[in-house]
1. Would you point out which residue out of G368, G343 is in contact with a Ser or Thr (Cβ under 7 Å, 6 or more places away or on another chain) and surrounded by fewer than 17 Cβ atoms within 10 Å (Cβ to Cβ)?
2. Check K396, K353, K415 and return the single one that is exposed (fewer than 14 other Cβ atoms within 10 Å of the Cβ), of a type outside the set (A, V, I, L, M) and assigned to a loop (DSSP other than H, G, I, E, B).
3. Mind listing just one residue for me: the one in the range 466-498 that is among the charged types (D, E, K, R) and touching a residue at least 24 places away in the same chain (Cβ under 8 Å) and, of those, nearest to L539 (Cα to Cα)?
4. Can you list residue pairs whose Cβ atoms sit under 8 Å apart, with the first residue in the range 499-526 being assigned by TED's automatic domain parsing to the domain that holds P477 and the second being among the basic types (K, R) and buried (at least 17 other Cβ atoms within 10 Å of the Cβ)? Count only pairs 6 or more apart in sequence or on different chains.
5. Restricting to the range 243-263, name every residue that is within 25 Å of F438 (Cα to Cα), touching a strand residue (DSSP E or B) at 6+ places or on another chain (Cβ under 6 Å) and of a type in the set (A, V, I, L, M).
6. Tally time: how many residues in the range 284-294 are surrounded by fewer than 20 Cβ atoms within 10 Å (Cβ to Cβ) and not in a loop (DSSP other than H, G, I, E, B)?
7. Take the residues in the range 243-260 that are touching a Phe, Trp or Tyr at 6+ places or on another chain (Cβ under 7 Å) and aromatic (F, W, Y), then tell me which one is surrounded by the fewest Cβ atoms within 10 Å (Cβ to Cβ).
8. Name the one entry in F311, F318, F338 that is part of a helix (DSSP H, G or I) and among the hydrophobic types (A, V, I, L, M, F, W, C).
Amino acid sequence: MYHHLKIFSILIILFGVLISQDLIYAQPRIAILYSELTENNIDANSNKVMEVITSWELFLMQERIPYSVIYDDDLESGIDEEYDILILPSVNFISFVQMEALQKFLVSGNSIISSGSKLMFQESSINEYQNLKTLLGLKNIETVSSESMSYFHSLLPNHLNHFNIDDELILQISNKNQGAICDVIENKVAPAGYYLDKSSYDSSNSSIVYGSNGKGRFLFSGFDLNDVIGGKEDLAAFKKLILNTISWMDKKPDTYIDAFYESISSPVIVTLQYNNALESELIDVLQKNEMRPNLIVNPDLEVSKEILTKFAFDEIIFDLSGIANYTSNSVIELIENFNRDYGVELSTLLVKKQALENIDLGLISAAGINEILYDEQAPGLPKYHNKDLLLIPFVKSNELPFSINVINFLNYNPKIDCEVNPEDELLEMINKIRSRKFNFTTLPTINRWWSVRERITCEIKNISDNEIEIWLNNKNPLLVSDLNVFLNFAQNIDRKTLTISLNKSLLEYYFDDTAGGIRIKLDKILPNSLNKIKINFTLE
């Protein structure tokens, strides 16, 4: 059945060979499973198999990625020698033989993209996600509440996109096909974003996780391409995630640097909302605990000069997010008035996201502003508008953060309570965050680091059967310390033979089994230096 699709797929591959043999050799061998068993047992709430397969074929064709469509009998006969990556799109039902074939495929060092699949046996009383959990090594998968017609999910910087994302998008997902989520902490997997839970995008649940099980790699998505209903931008963002996943799963090595150096990894910035309940004693306690909080003030509320003197100018955030319909000139006037009235020099603004399009950021930068926080639904990474103005997504939260590789904010809004010391609640939260290996830092530190990070590049330069050479270029006129460099290499390295060196000196490293790569630690990167890191190994 549907063998015309198989012929069509082969023609696509042959056409690609004629265009560029090198391109085909550089691409992994990809198969898409057309599940006839699912098609024969489809219900009203499930995606139609033909529609799903068509969507995936069009997507891969548009990206000029060669692939084959395979069927149930192909999978049952074994495909671990023929393909590197298997895509399972909305595969609700499988047979016992297919389950064994999938396990063998993954154990052999191949990769699986499970997109909206459940992988249930047709007649079984076990948990509907038991086969998925067994196959991918997951402990917990749950269905999104059927009361929700749709749900929302963030996309965040991660290993798949090399901690580089164009925008921290929020995807809207249809729940018609019953989306699935899993607990990130319990499963020890890496999230590509988080599921909206109780109006917070910082829950511990995710519909998109990736990791390794044995020698194989996987991406688990609790929804499929056709379930993304938030518009063209949402669909494009999810497709880009899939493309990044394919690159992560292929046999070609690549390299990238960490989002932050170690002492500010998983950064958290403390903000204090100014009001009449804010006491100077709280600020003193925080500063004695080596905390440098930021003070959020707005132009409509008179600020205590005693409080203000406890903060450096670059620790004051001027909040304009509550003002509607302001212009560039009115913003500059508000800044100048505040500076004059309080004898300060503001350098940081907080605005609504749409304000970034409505005001002239060049004029704002010329007025002395070098950081603009803009309200966002999910935490993310900063980006430069120009060399003097850094834009940082701001999520006002008073809860424990879950997202790493992004900038988190812990906001404290003081309240008058005669029976409770105001600092106790905040200090308790700070201690909990520290215990989870998050690092408290400051906006100036983030700004300085991001300027440095922008001038560090790394690339794979030389590859042989037993050696890979990474060239890391530090274009900064200063020393960079405690930076992690990642090597993504899907081949099975004999770990006993691995050595990593720089200028004949051995480097510290360890295997990141979740990300499926090698984390290399560089203690000191000299100013204006080209660093050739050599990785020597043998394959198993």
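The values are calculated or read from the model by the stated rules, or taken from the named source; none is laboratory data. This is a predicted model, so every value here is computed, not measured. Glycine also receives a Cβ, built like all others from the backbone with ideal geometry; neighbour counts cover every protein chain displayed.
1. Details: G343 fails: in contact with a Ser or Thr (Cβ under 7 Å, 6 or more places away or on another chain).
Step by step, each of G368, G343 is checked, and only G368 is in contact with a Ser or Thr (Cβ under 7 Å, 6 or more places away or on another chain) and surrounded by fewer than 17 Cβ atoms within 10 Å (Cβ to Cβ).
2. Values: K396 fails: exposed (fewer than 14 other Cβ atoms within 10 Å of the Cβ); K353 fails: exposed (fewer than 14 other Cβ atoms within 10 Å of the Cβ).
The match here is K415.
3. Applying the first criterion (among the charged types (D, E, K, R)) to the range 466-498 yields 467, 469, 475, 482, 494-496.
If we keep only those that are touching a residue at least 24 places away in the same chain (Cβ under 8 Å) as well, we get 467, 469, 475, 482, 494.
On the way: E467: 10, E469: 16, K475: 34, D482: 29, D494: 5 Å.
Top of the filtered list is D494.
4. Going by the 8 Å Cβ cut-off, the qualifying pairs are G516/R217.
5. I257
6. Filtering the range 284-294 for residues surrounded by fewer than 20 Cβ atoms within 10 Å (Cβ to Cβ) gives 284-285, 287-292.
When the remaining residues are screened for being not in a loop (DSSP other than H, G, I, E, B), the result is 284-285, 287-288.
Of the residues in the range 284-294, 4 are surrounded by fewer than 20 Cβ atoms within 10 Å (Cβ to Cβ) and not in a loop (DSSP other than H, G, I, E, B).
7. Y256
8. Details: F311 fails: part of a helix (DSSP H, G or I); F318 fails: part of a helix (DSSP H, G or I).
None of the others qualify; the one that does is F338.
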